[in-house]
Amino acid sequence: MLNVAILMGRLVADPELRHTPNDVSVTSFTLAVERSYVKSGTDRQADFIDVVAWRSTADFVCKYFRKGQLVAVQGSIQTRTYTDNNGNKRKAFEIVADHVHFADSKKNECNNNLYSKPQDTVENPDGFEELPDDEDLPF
């Protein structure tokens, strides 16, 4: 069987690291994922999708990602059933993340103060180097 989910969206809140009684790292977070279509005369809609990450993926997410950051998640869809406080049976759908990737550009990260140096002191934020004009290029 095939169960693969790939999403890209913005974190709704800072992820918080928790641990199971067996000391396994886990975090759950919500991604705001914009829909690919817009009805004429309306604003673009977003879906809020719950994601769970375990072990080293949970540690990574909590260490490097913050609210509002654009994130790409690869994982699988899982369902679980539970009984709510009123005794009603409920079903939850969530993505169990296998991989979580940065999706913002470094320039945006710099603007969000994710680097230790303030933006005005970053010498070369794009990482490009100007080369001297040389007429003898091989192409």
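The values are calculated or read from the model by the stated rules, or taken from the named source; none is laboratory data. Predicted model only: the values in this text are computed from it and were never measured. In this analysis, Cβ positions are derived from the backbone assuming ideal geometry, glycine residues included, and neighbour counts consider all displayed protein chains.
Summary table below
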{"read-out": "Residues within segment 65-80 that are surrounded by 14 or more Cβ atoms within 10 Å (Cβ to Cβ) and within 16 Å of Asp98 (Cα to Cα), tallied", "value": "6"}
{"read-out": "Hey, Val100 in contact with a helix residue (DSSP H, G or I) (Cβ under 7 Å, 6 or more places away or on another chain), within 27 Å of Ser56 (Cα to Cα) and modelled with pLDDT of 85 or more or not", "value": "yes"}
{"read-out": "Within segment 17-62, tally of residues that are more than 15 Å from His99 (Cβ to Cβ) and surrounded by fewer than 10 Cβ atoms within 10 Å (Cβ to Cβ)", "value": "11"}
